[in-house]
Amino acid sequence: MNLTTNQFEQLMQTISDGWNEGDARKAANCFSEDAIYVEPPDAQLYHGREELHEFFGGDNGTDMPMKMTWHHLAFNEETQIGFGEYTFEMHGRYHGIVIVRVESALIKQWREYQYRAQINWEAFTSQNPF
């Protein structure tokens, strides 16, 4: 099953909702059983939904709350590849971009690039806001 742009946006929002609610299972269920999640080249590397469930906090949750905000999402329905520009906060604040490939309506591949920053999104993008 191929996703539409709207369905892709809902999928990505479900991930951030899961993280923001401390619901690791909700977020992990957006990934395929054999998903690959990486921050290149090897800052973070996780394989499969169950490993991601544990990374996202598992059944016991994380030691501190996560906060994920999407600023922009885009999706190519033909290739089933999309991206999201985000701010993530937990052990620091990070602004970044993730590229994902969807297969059978679940995320099969996740590749993120991020910068640790003390400043908020508006200040981070102040030289080129949109």
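The values are calculated or read from the model by the stated rules, or taken from the named source; none is laboratory data. Since this is a predicted model, take the numbers as computed values, not measurements. Neighbour counts are summed over all protein chains in view; Cβ atoms, including those assigned to glycine, are modelled from backbone coordinates with ideal geometry. Remember, those area values only see protein heavy atoms, side chains included, never the ligands or the DNA or RNA. Shrake-Rupley method; radii C 1.70, N 1.55, O 1.52, S 1.80 Å.
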- Message: Could you work out [θ]222 nm for the chain from helices alone, using -39500 (n - 2.57) per DSSP H run of at least four and dividing by all its residues? Round to the nearest 500 deg cm²/dmol.
- Response: -7000 deg cm²/dmol
- Message: Taking a ≥ b ≥ c as the square roots of the Cα gyration tensor eigenvalues, with a/c under 1.5 meaning rounded and otherwise prolate when a/b beats b/c, else oblate, which class fits the stretch 63-130?
- Response: oblate
- Query: Which of rounded, prolate, oblate describes the stretch 2-66, given a ≥ b ≥ c as roots of the alpha-carbon gyration tensor eigenvalues and a/c under 1.5 marking rounded, otherwise prolate only if a/b is larger than b/c?
  - Reply: oblate
- Item | Approximate spin-label separation GLN127-ASN29, in nm, with each point projected 7 Å along Cα-to-Cβ | 4.3 nm
- Message: Which of the three applies to the stretch 53-97, rounded, prolate or oblate, going by the alpha-carbon gyration tensor with a ≥ b ≥ c and a/c under 1.5 meaning rounded?
- Response: oblate
- Message: Considering only protein heavy atoms and a probe of 1.4 Å, how much of the accessible area of the chain is carbon and sulfur, as a whole percent?
- Response: 49 percent
- Task: Obtain the nm distance between the two label points defined at TYR113 and THR5 by a simple spin-label model: each point lies 7 Å from its Cα along the Cα-to-C-beta direction.
- Result: 2.3 nm
- Item | Relative contact order, percent, the stretch 1-118 [alpha-carbon distance under 8 Å, six or more residues apart] | 27 percent
- Note on the structure: Largest first and rounded to whole Å, the semi-axes √(5λ) derived from the alpha carbon gyration tensor of the chain read 22, 19, 13
